[in-house]
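Heads up: the structure comes next, in structure tokens.
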Amino acid sequence: MPTTEKVLKTAGKAGLSATIIASKAAKYGLNFTSDTAEIFLGGAKNMADQLAPGLNWEIAKPLYKQGKKIADAAIDQTIALQKKVKGMLD
């Protein structure tokens, strides 16, 4: 007969596995969404360049890419923490 502690550890590991999968899905979803948004923003920039050719819109691109890197790093740290906690349940 399994002990309560073993059942709780197994449930905890299963829950953490689910959150790790959800975090990875969020990361890949974020990357897909941001890549798609970048394509649309590129089209909007092209239209703006045609309508107002003297304006400089380039500052948004590095900020956008930096924000994406920060979000990716935060998700990676979250996944690493989830894996560490899961390992502690062994």
Among segment 66-90, those whose backbone N falls under 15 Å of a label point 7 Å along Cα→Cβ from E38 are 66-73
Note: V7 to L89 extended length (0.36 nm per residue) minus current alpha-carbon separation gives 28.4 nm
In cubic angstrom per residue, the convex hull of the chain built on its Cα atoms measures 68
FRET efficiency (A14, Q66; Cβ distance; R0 41 Å; to 0.05) is 0.70
For K83, the lysines lying under 28 Å Cα to Cα, once residues fewer than eight places off in the same chain are dropped, come out as K6, K9, K13, K24, K27, K65, K68, K69
With the 8 Å Cα cutoff and a minimum separation of six or more residues, the chain has a relative contact order in percent of 64
A 1.4 Å probe over the protein heavy atoms gives the chain a carbon and sulfur accessible-area percentage of 70
In the chain, the GluC sites (Glu not before Pro) that sit in a DSSP loop and have at most 16 other Cβ atoms within 10 Å of their own Cβ are E58
Over the chain, with neighbouring protein chains present, the accessible area per residue in Å² at probe 1.4 Å is 77
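The values are calculated or read from the model by the stated rules, or taken from the named source; none is laboratory data. In this text, all values refer to a predicted model and were calculated from it rather than measured experimentally. Reconstructed Cβ throughout: ideal geometry from the backbone, glycine too, with neighbour counts over all protein chains shown. When the accessible area is computed, the model is the full protein with side chains, heavy atoms only, and any ligands, DNA or RNA have been set aside. Shrake-Rupley method; radii C 1.70, N 1.55, O 1.52, S 1.80 Å.
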